[in-house]
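The values are calculated or read from the model by the stated rules, or taken from the named source; none is laboratory data. The shown structure was predicted, so the numbers you read here are calculated from the model rather than taken from an experiment. Note that each Cβ is placed from the backbone with ideal geometry, even for glycine, and that neighbours are counted across all protein chains shown. Remember, those area values only see protein heavy atoms, side chains included, never the ligands or the DNA or RNA. Shrake-Rupley method; radii C 1.70, N 1.55, O 1.52, S 1.80 Å.
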Amino acid sequence: FKLSSIDDDNDMPLAKITSIHVAQPPMQKLREVRTTNEPRRGARLNTMSSSQFRYTQTPSKVVHLRNLPWECVEEELIELCKRFGKIVNTKTNVGANRNQAFVEFAELNQAISMVSYYASSSEPAQIRGKTVYIQYSNRHEIVNNQSPGDVPGNVLLVTFEGVESHHVSIDVIHLVFSAFGFVHKIATFEKAAGFQALVQFTDVETASAARSALDGRSIPKYLLPDHVASCNLRMSYSAHTDLNIKFQSHRSRDYTNPYLPVNHTAMDGSMQPALGADGKKVESQSNVLLALIENMQYAVTVDVLHTVFSAYGTVQKIAIFEKNGSTQALIQYSDIATAAIAKEALEGHCIYDGGYCKLRLSYSRHTDLNVKAFSDKSRDYTLPDLSLLVGQNVPGVAEASAPTAGWQNGQVQTQYAGYHAGASPSSGHPPYYDIKWGKQ
């Protein structure tokens, strides 16, 4: 800095600073000022934020618990919290992952005692060996709003835990629940939660009695297959009041309507999944095949599918549709045996040379297709007046009488060369270019 002289007569200081020049040290040296033992600012905030957050929150009688084990029950929460005071209410399985809960104490100081204890303790709160994070809740009391499953009704939603759909028959379900009153209807289905059923009673009182007695209980062992250890029942009330059962089958039953149509295929159990020798589920067979067509570089029409699949038996009906961005088709035979032969022969084979239009086959749940008789996407070959319609030159019908005659694709014509309209291959296989069959 610079000094300037001052006159003594003015009673002023002897020196006056007129300017200051300070050389700024390099950034490298400034970084070296921080000692190696001093924690980084971000790290210090992270380690202290949890405890600071507990203290900066407004205290409440309601404590919020996070990171709970899956399906933590009320008894486990009470066991953790009861030593700090009287618990007046709880709310469990909160949040998208159902791993949060709320506990309400009778007095505010009891909640403060619990939060303060675990904030300063070296031992964290734990349930089933899992660390639980505790803080004050923004709410001052727990209001248990009833979910739809808690509102009493005459229809119960039953979840069967530890079993698959073919382990518990609809007759067993009826036997178990009819012990509490007349069962009107039963409908079974499979969802993400597993095998479930809707059981309809006459009134709310009967349904409530059945739920109170059976919820959390197991179906008697003698009613289950030998290899099934147990089947626990979980119940809630359904919003339905009257189930719409369309036909009697192994999946649905209406005990109030004896005139309801019967699905005989389903009733005799042939549609139920069976177990193979290895204990794995065997696919249920059907007279209707579901075909998924992969690598579809050429058009696959009803006529093409009829020519391919009729090599193994009489095709009754065909329906083509689009689903999930892919082309699929339903092909109906007269019986299951014919469909099984066609499935075994055609699975994984391609309609066209070069791996195009590959067939992936499975059995459909349908047994009788409801299709339009003659259209671009469906055909019913069971109509007896087909030839009469062709003779009358009805538009769109003449083409159906000769499935192989009108193809425009040159490659298709080459593959099926030598086969006149309506002819079937003498070898019993469709004239594919598949590597297993070779050229025809």
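Odds and ends about this structure:
- Derived value for region 103-208: Kirkwood hydrodynamic radius 18.1 Å. Basis is the mean of 1/r over every pair of different alpha-carbon atoms.
- Solvent exposure of region 80-223 as accessible area per residue, Å², 1.4 Å probe: 51 Å²
- Heavy-atom accessible surface of region 294-344, averaged per residue, reaches 43 Å², computed with a 1.4 Å probe.
- With DNA, RNA and ligands ignored, accessible area of residue 116 (1.4 Å probe; Å², nearest 10): 40 Å²
- The Cα atoms of region 304-351 cover 30, 21, 18 Å along the three principal axes, with the biggest extent listed first.
- 14 Å beta-carbon shell around residue 208, net charge (K/R +1, D/E -1): -3
- Structure note, pairs 343/372; 246/358; 317/343: Cα-Cα distances above 26 angstrom occur for 246/358.
- Between residue 97 and residue 73, residue separation times 0.36 nm minus the direct Cα-Cα distance comes to 7.2 nm.
- Here the peptides 130-140, 238-248 are ranked by packing, the mean other Cβ count within 10 Å, and the order with the highest first is 130-140, 238-248.
- In terms of accessible area, using a 1.4 Å probe and ignoring ligands and nucleic acids, 253, 98 rank largest first as 98, 253.
- Percent accessible area from carbon and sulfur atoms, region 65-171, protein chains only, probe 1.4 Å: 45 percent
- Integer Hz, Karplus 6.51/-1.76/1.60 couplings in order for region 72-81, x for Gly and Pro: 5, 9, 4, 4, 5, 5, 4, 4, 6, 9
- Carbon/sulfur fraction of accessible area - region 283-349, other protein chains in place, 1.4 Å, %: 49 percent
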